[in-house]
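Student: Mind looking over this structure? Questions follow.
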Amino acid sequence: MICFPNAKINLGLNIVSKRPDGYHNIETIFYPVDIRDALEVTDARGEEGIFRQTGIPVDGNPSDNLVMKAYRLLSGKYMLPEVDIHLLKKIPFGAGLGGGSADAACMLKLMNDFAGLHISEDELESLAALIGADCAFFIRNKPVFASGIGNLFENIDCSLKGYHLLIVKPDIHISTKEAYAMVKPRHPEISLKSIIRMPIENWKEAMVNDFESGIFAQYPAIQTLKNGLYEMGAVYASMSGSGSSVYGIFRSPADLPETLKFSDSYWSVL
């Protein structure tokens with residue numbers, strides 16, 4: 001059984017306040033995009049299952065991969081068969097695209113179907129939230145206004161249908177911890193729920209990602225990339241999440257010029 005976990009972008013991101021538990025309250029809009037990994041589960045060929053990861057190399061112990069954390073979380077609550085797992089990694093990590101969270105959420109959904117567990121979407125969301133703050137978003141995988149630590153969702157009417165999305169991941173890795181260390185929390189003057197109803201031409205002046213100022217100062221190449229997307233004619237451009245990927249929204253398909261090809265990681269998405 002196979003599924004294809006997709007990435008997300010953030011339309012705006014406000015760091016609202018720091019919490020007593022050390023986390024931060026945020027406000028953002030999660031929007032799914034069609035850049036995908038592949039995740040396959042089959043019956044184990046041996047007495048014990050194995051996990052294999054190909055594609056983009058991922059640092060660290062394979063047992064710490066969020067896919068395996070999802071499997072262990074389910075196995076602590078349900079009788080699961082031994083399985084072989086293959087993750088083909090195409091969504092870069094350290095990019096603000098949520099690839100690891102998507103993989104974990106899809107593993108929960110995949111094992112739910114593979115093992116016939118009949119877990120409801122509400123329960124899958126609750127389980128996913130135990131793995132990562134934005135992981136639960138990928139269970140229903142629809143645009144939402146997210147608050148709390150990125151785990152409280154409100155359905156929102158938001159569609160980029162008819163636009164073209166160009167996403168670029170430079171050869172820069174930014175850890176979430178590093179990104180938060182550069183931010184001073186503040187309440188936004190205008191709610192994203194109001195901004196998203198504005199004409200998209202107004203987003204440039206109204207919709208911000210609070211991570212950008214600190215990260216642009218530390219990594220000016222990312223700001224150069226954002227500026228370059230506007231010079232190409234983007235109606236809106238932004239860093240996604242805590243970076244380092246940057247996206248531009250265009251009215252027609254756009255090809256990335258050589259001057260902005262900081263790496264081989266870029267996608268044009270309808």
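The values are calculated or read from the model by the stated rules, or taken from the named source; none is laboratory data. Being a predicted model, the structure only gives us computed values, none of them experimental. A quick note on method: Cβ atoms are made from the backbone with ideal geometry, for glycine too, and the neighbour counts reach across all protein chains shown. We work out accessible area using only protein heavy atoms, side chains counted, and drop any ligands, DNA or RNA first. Shrake-Rupley method; radii C 1.70, N 1.55, O 1.52, S 1.80 Å.
Student: Does region 191-210 contain at least one residue that is surrounded by 19 or more Cβ atoms within 10 Å (Cβ to Cβ), acidic (Asp, Glu), part of a helix (DSSP H, G or I) and touching a strand residue (DSSP E or B) at 6+ places or on another chain (Cβ under 7 Å)?
Tutor: Going residue by residue through region 191-210, those that are surrounded by 19 or more Cβ atoms within 10 Å (Cβ to Cβ) are 192, 196, 203, 207-210.
Of the ones still in play, those that are also acidic (Asp, Glu) are 210.
Restricting the remaining residues to those that are part of a helix (DSSP H, G or I) gives none.
The answer is no; no qualifying residue exists.
Student: Just one of (1) touching a residue at least 12 places away in the same chain (Cβ under 8 Å); (2) in a loop (DSSP other than H, G, I, E, B) trips up residue 22, so point out which.
Tutor: (1)
Student: In addition: Just the residues that are in a helix (DSSP H, G or I) and open to solvent by 30 Å² or more (accessible area, probe 1.4 Å), please, taken from region 137-158.
Tutor: Once the filter is applied, which keeps residues that are in a helix (DSSP H, G or I) and open to solvent by 30 Å² or more (accessible area, probe 1.4 Å), region 137-158 yields only 140.
Student: Just give me the residues in region 180-190 being closer than 24 Å to residue 154 by Cβ, of a type in the set (A, V, I, L, M, F, W, C) and either under 21 Å from the mean Cα position of the chain (by Cα) or buried (at least 19 other Cβ atoms within 10 Å of the Cβ) (or both), in sequence order.
Tutor: We begin by selecting, within region 180-190, every residue closer than 24 Å to residue 154 by Cβ; these are 180, 183, 185-190.
Okay, now just the ones that are also of a type in the set (A, V, I, L, M, F, W, C), so 183, 190.
If the condition is that a residue be closer than 24 Å to residue 154 by Cβ, of a type in the set (A, V, I, L, M, F, W, C) and either under 21 Å from the mean Cα position of the chain (by Cα) or buried (at least 19 other Cβ atoms within 10 Å of the Cβ) (or both), then 183 is the only one that fits.
Student: Let me ask something additional. Checking residue 85 against (1) open to solvent by less than 60 Å² (accessible area, probe 1.4 Å); (2) under 28 Å from residue 249 (Cα atoms); (3) touching a residue at least 40 places away in the same chain (Cβ under 8 Å); (4) touching a Phe, Trp or Tyr at 6+ places or on another chain (Cβ under 9 Å), which test does it fail?
Tutor: Of the numbered conditions (1) open to solvent by less than 60 Å² (accessible area, probe 1.4 Å); (2) under 28 Å from residue 249 (Cα atoms); (3) touching a residue at least 40 places away in the same chain (Cβ under 8 Å); (4) touching a Phe, Trp or Tyr at 6+ places or on another chain (Cβ under 9 Å), the odd one out for residue 85 is (2).
Student: Hey, another quick one. With respect to residue 97, determine if the residue is part of a loop (DSSP other than H, G, I, E, B), in contact (Cβ under 8 Å) with a residue 40 or more places away in the chain, open to solvent by less than 30 Å² (accessible area, probe 1.4 Å) and not hydroxyl-bearing (Ser, Thr, Tyr).
Tutor: Details: part of a loop (DSSP other than H, G, I, E, B): yes; in contact (Cβ under 8 Å) with a residue 40 or more places away in the chain: yes; open to solvent by less than 30 Å² (accessible area, probe 1.4 Å): yes; not hydroxyl-bearing (Ser, Thr, Tyr): yes.
Taking the combined requirement at face value, the residue satisfies it.
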